Amino acid sequence: MEPIIDLAPGAEENSLAVRLSEIIRANLAIKPHKTKDFRALRGGVLVVPQDTGEPLTMRFDLGRLTLHEGAIGVPAVTFCADERVLLRLCDLPFTRIFKLPIALEPKGRETLRGVLSTFSRGDLKIYGLTSHPRFVLRFLRILSVHG
């Protein structure tokens with residue numbers, strides 16, 4: 001069964017929702033090993049771009065993703081940052097062997113260092129990271145264009 005990625009009514013107006021759905025759809029098509037992580041996700045992710053103020057909810061249900069405009073339900077995890085920082089999460093380097101964000105190349109090290117520094121400065125907030133670390137890791141793996 002192929003992964004299902006839908007935009008709920010109104011979400012097609014949100015440019016970040018459209019962009020994230022395209023990235024995830026392309027990642028799953030090009031890298032079929034990411035499908036295992038996609039099928040294991042069940043819960044909501046609230047993405048809040050602080051600069052645009054247009055939040056979106058990504059609801060995963062074991063092989064199906066629906067993107068909604070605004071905050072829907074109670075999310076398991078919430079990502080808050082500027083839109084460019086949120087899109088930079090797609091460049092996180094994940095190794096295929098360990099499935100962890102490990103940078104083996106100089107460009108990957110720079111990206112990983114940049115994301116970690118925005119996280120440590122408080123420019124990127126991930127609510128639910130300590131209570132749902134496996135969910136966050138799987139979400140970042142399917143979002144990443146690497147690995």
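A short reminder: the numbers here are calculations on the coordinates, not readings from a lab. Model, not experiment: these values are computed from the prediction. Reconstructed Cβ throughout: ideal geometry from the backbone, glycine too, with neighbour counts over all protein chains shown.
Which FRET efficiency, nearest 0.05, do residue 50 and residue 26 yield, Cβ-Cβ r, R0 25 Å?
It comes to 0.45.
Count the lysine pairs in region 4-143 that are 8 or more places apart or on different chains: how many have C-alpha atoms under 19 angstrom apart? Intermediate values should be presented prior to the final figure.
Details: 31/99; 34/99; 36/99; 99/107.
Qualifying lysine pairs in region 4-143: 4.
Find the relative contact order for region 4-143 and round it to a whole percent, using C-alpha pairs within less than 8 Å whose residues are 6+ positions apart.
25 percent
Using only the alpha carbons of the chain, what is the convex hull's orientation-averaged projected area in square nanometres? Each step should come with its number before you reach the end.
Details: hull surface 33.0 nm².
One quarter of the hull surface, i.e. the mean projection, equals 8.3 nm².
Highest mean first, what order results for 79-85, 44-50 on Cβ atoms within 10 Å?
Result, highest mean first: 44-50, 79-85.
For a label point 7 Å from the Cα of residue 61 along Cα→C-beta, name the residues of region 1-24 whose backbone N is under 13 Å from it.
Zone members listed by number: 4-8.
With +1 on the Cβ of every Lys and Arg and -1 on the Cβ of every Asp and Glu, and nothing else charged, how large is the dipole of the chain about its Cα centre, in debye rounded to the nearest 20?
860 debye
Is it possible to state the helix-based mean residue ellipticity at 222 nm for the chain, with each DSSP H run of 4+ residues giving -39500 (n - 2.57), the sum divided by total residues, to the nearest 500 deg cm²/dmol? What is it?
Roughly -11500 deg cm²/dmol at 222 nm, from the helical runs in the chain.
Nearest 5 is fine: what % of DSSP beta bridges in the chain come out antiparallel, could you say?
About 60 percent, rounded to the nearest 5.
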